[in-house]
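S.K.: Pasting a structure below so you can have a look.
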């Protein structure tokens, strides 16, 4: 009887070891012979595109099987086209990654997009990582003579936007509704590179929702030469080097107003979030999250980021996943106030 039990125990151990070996081999070969596509929800040359291409240069070496990583731009509906594509049509096998409008994490909750046009659920997307924490800015051309937010309460200006649900459209609405400014939003620009050209050609007077990291990267001469005025920081935390530029949260006149502003601007802390489709296997999500964590520590990536002028502040996918869940569980009264002040 003892011998029989020993045989059974030996067989069980052998089978478990074989299963572990098979599992390890499966992980090692997961991406063997495959290509990973990084889909960017905006045109070539903008901030999201720059981060996506920087990641694509290095990510593959940190995935088992060392797949090739390709970038594909899919602009449209200010990131909504890509979000819907990831939820409905993109491969769910770990070979499709997206980076697009961070506000899409709360767009359904805040009513930024018609429910009939939404094909994704923010909490069900598999969030992989964010490579920076962002603060946006309200900037205007210097020759306008505008220095403070109060200067906009009696003077209409035109700001450019990449779409009705983008930060650079919604944030002006918040300013108009809460502080009595007269900011007109001009939509239809595919990306921030196009906004820059429009501002240089005097088609628009400014932008309300330009990420500080993108502005420094794309138009450093504007800052160096004082071609634009930085009027207001639009986020939940200050940029240390912009200590003289007021933060919108500090202008809140009540606790509820502050909480509503926090809900609106919290996605800024997600920076440039990368995500995978909802049904992506857990093992693929784990591999991708680990690969992003390894990528930001890779000397080659650091070199690429430095060469491209990118700010890198890494946040892991599990943290982003919890943040999205928390934002989408906000109190109804806070959500209602945020919805009111975001209306055109």
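S.K.: Can you figure out the FRET efficiency of residue 255 with residue 114, using R₀ = 41 Å and their beta-carbon distance, to the nearest 0.05?
M.R.: It comes to 0.85.
S.K.: Right, here's the next one. Classify the stretch 257-306 as rounded, prolate or oblate from the Cα gyration tensor: take a ≥ b ≥ c as the square roots of its eigenvalues, call it rounded if a/c is under 1.5, otherwise prolate when a/b beats b/c and oblate if not.
M.R.: oblate
S.K.: Answer rounded, prolate or oblate for the stretch 39-105, using the Cα gyration tensor with square roots of eigenvalues a ≥ b ≥ c: rounded when a/c is under 1.5, else prolate when a/b is larger than b/c, else oblate.
M.R.: oblate
S.K.: Turning to a different aspect of this structure: For residue 70 and residue 333 in the same chain, what is the full-extension length gain: residue separation times 0.36 nm, less their Cα-Cα distance, in nm?
M.R.: 90.3 nm
S.K.: Can you classify the stretch 225-344 as rounded, prolate or oblate using the Cα gyration tensor, where a ≥ b ≥ c are the square roots of its eigenvalues, rounded means a/c under 1.5, and otherwise it's prolate if a/b beats b/c and oblate if not?
M.R.: Oblate, because a/c is 1.5 or more while a/b does not exceed b/c.
S.K.: For the stretch 133-152, list residues with backbone N below 14 Å from a point placed 7 Å from the Cα of residue 312 toward its Cβ?
M.R.: 133
S.K.: Report, in deg cm²/dmol and to the nearest 500, the calculated mean residue ellipticity at 222 nm for the chain, where each DSSP H run with n ≥ 4 adds -39500 (n - 2.57) and the sum is divided by the residue count.
M.R.: -12500 deg cm²/dmol
S.K.: Checking a compactness column here: for the chain, what do you get for Rg(Cα) / (2.2 N^0.38 Å), N being the number of residues?
M.R.: 1.13
S.K.: Here's another thing I want to ask about it. Can you compute the FRET efficiency between residue 242 and residue 81 using 1/(1 + (r/R0)^6), with r the Cβ-Cβ distance and R0 = 30 Å? Round to the nearest 0.05.
M.R.: Efficiency, rounded to the nearest 0.05: 0.35.
S.K.: Another question, if that's okay. How large, in Å, is the stretch 119-186 by the Kirkwood hydrodynamic radius built from its alpha-carbon pairs?
M.R.: One over the average 1/r among Cα pairs gives 14.2 Å for the stretch 119-186.
S.K.: Most mobile of 319, 236, 295 per a Gaussian network model of the chain (Cα springs, under 10 Å)?
M.R.: 319
S.K.: Let me ask something else about it. From the C-alpha gyration tensor of the stretch 136-267, pull out the three semi-axes of the equivalent ellipsoid (sqrt of 5λ each), sorted largest to smallest, in whole Å.
M.R.: In descending order, the three semi-axes are 21, 16, 15 Å.
Since every read-out is calculated from the coordinates, none of them should be taken as a lab result. These numbers come from a predicted model, not from an experiment. Glycine also receives a Cβ, built like all others from the backbone with ideal geometry; neighbour counts cover every protein chain displayed.
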